[in-house]
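The values are calculated or read from the model by the stated rules, or taken from the named source; none is laboratory data. Please read these numbers as outputs of a predicted model, since none were measured by experiment. Every residue, glycine among them, receives a Cβ derived from its backbone with ideal geometry; neighbour counts consider all protein chains shown. Areas reflect the complete protein model, heavy atoms only, side chains present, ligands, DNA and RNA absent. Shrake-Rupley method; radii C 1.70, N 1.55, O 1.52, S 1.80 Å.
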Amino acid sequence: MLEILSLPPVIKGLILLIVAGISFPITGVYLLRLNLLPLRFMLMHGVILGGAVALAFQWSPFITTIIVNLILVLLMTKTSRSLKTDAGYISTFFMVISISLAFILVYKFNVQAKDTLSLLWGSLYTSTWEEVAAVVLFSILLILFQVFYFRKLQAFFFDREIAYTSGVNEQFLYYSIVLLTAMTVAMAMKIIGALLLDALLLLPAFIATLHAKSLRGVIVWSSLWGGIFALGGFFIALLFDIPASSAIAALASIVFIVIFIIKRK
């Protein structure tokens, strides 16, 4: 195993998993608190659209998928607020549009569908050092956002109208959260793929809500659980020669079931 750990692709994969495991569950908490779970489906389809665009025009898939998701989020939030409609409904509309455009590009530019759909499985060990650096910098930004705006986020999650009347810039926080979520989903799909995205994004947050007593506790525990799942899943994958994403999902699911049973008793 020591020989395997000395390989550059494995080292990069380990760094990505640890950093993402600690920071990405923070956005999972945001999704749960704001009931924006349908948003991640739109973003997952947006990554497929971004991959199709990148392959059609020979652009960087990593950067293109992030840009496409940011555009989708901005369009969704603008449309939702203009029509005064629930963001979940609007995200469903953009989800359908995204996958439609993706397959039009696949057809018109003769893009191999398997290359686009490979985003569903991720590519942990094919990441470049530039992509690793981008994930690390984004994770630092995400943690700093949480620390700096913690009290305002507490008020925002408790009641958005009360937060607004108390002087909290509710619109800024909402836009920031959905933009951070868009970038998180795009990066997480690069690491573990769309099919197992929730193992890194939502399961740690779910588990934290089962035993944590406050928002601070949920944030801290979700990051701890995410780091444990990422690191544990990585070594389980090496030990049993299975995909890291599957090992992470299996480990997180087992822990969720155990804690749920203990909590029920």
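Tabulated data
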read-out	value
Solvent exposure of the stretch 147-200 as accessible area per residue, Å², 1.4 Å probe	47 Å²
The stretch 1-76: Cα Rg divided by the 2.2 N^0.38 Å rule of thumb	1.40
Test item: Cα-centred dipole of the chain, Lys/Arg +1 and Asp/Glu -1 on Cβ, debye	700 debye
Alpha-carbon centroids, the stretch 143-210 and the stretch 47-99: separation in whole Å	18 Å
Given LYS12/LYS108; LYS12/LYS190; LYS152/LYS263, the pairs whose alpha carbons are separated by over 24 Å	LYS12/LYS108; LYS152/LYS263
Accessible area per residue in Å² at 1.4 Å probe, computed on the stretch 1-135	51 Å²
Proximal lysines to LYS265, defined as alpha-carbon separation beneath 19 angstrom and excluding residues fewer than eight positions away on the same chain	LYS213
Semi-axis lengths, Å, the stretch 187-241, gyration tensor of Cα atoms, sqrt of 5 times eigenvalues	23, 13, 8
Highest-first arrangement of 81-89, 44-52, 232-240, where packing means the average Cβ count within 10 Å	44-52, 232-240, 81-89
Gyration tensor (Cα) of the chain, equivalent ellipsoid semi-axes in angstrom	28, 26, 16
In Å², nearest 10: area of LEU203 left accessible to a 1.4 Å probe	30 Å²
Phi to ³J(HN,Hα) by Karplus 6.51 cos²θ - 1.76 cosθ + 1.60 over the stretch 153-166, Hz, x for Gly, Pro	5, 4, 5, 4, 6, 5, 6, 5, 5, 5, 4, 5, 5, 8
Dipole moment magnitude, nearest 20 debye, the stretch 24-137 about Cα centre, only Lys, Arg, Asp, Glu C-beta charged	380 debye
Solvent-accessible area, 1.4 Å probe, carbon plus sulfur percent, for the chain	70 percent
Using distinct alpha-carbon pairs, which all enter the 1/r mean, Kirkwood radius of the stretch 22-175 in Å	17.1 Å
Mean shadow area of the stretch 113-232 over all directions, Cα convex hull, nm²	8.8 nm²
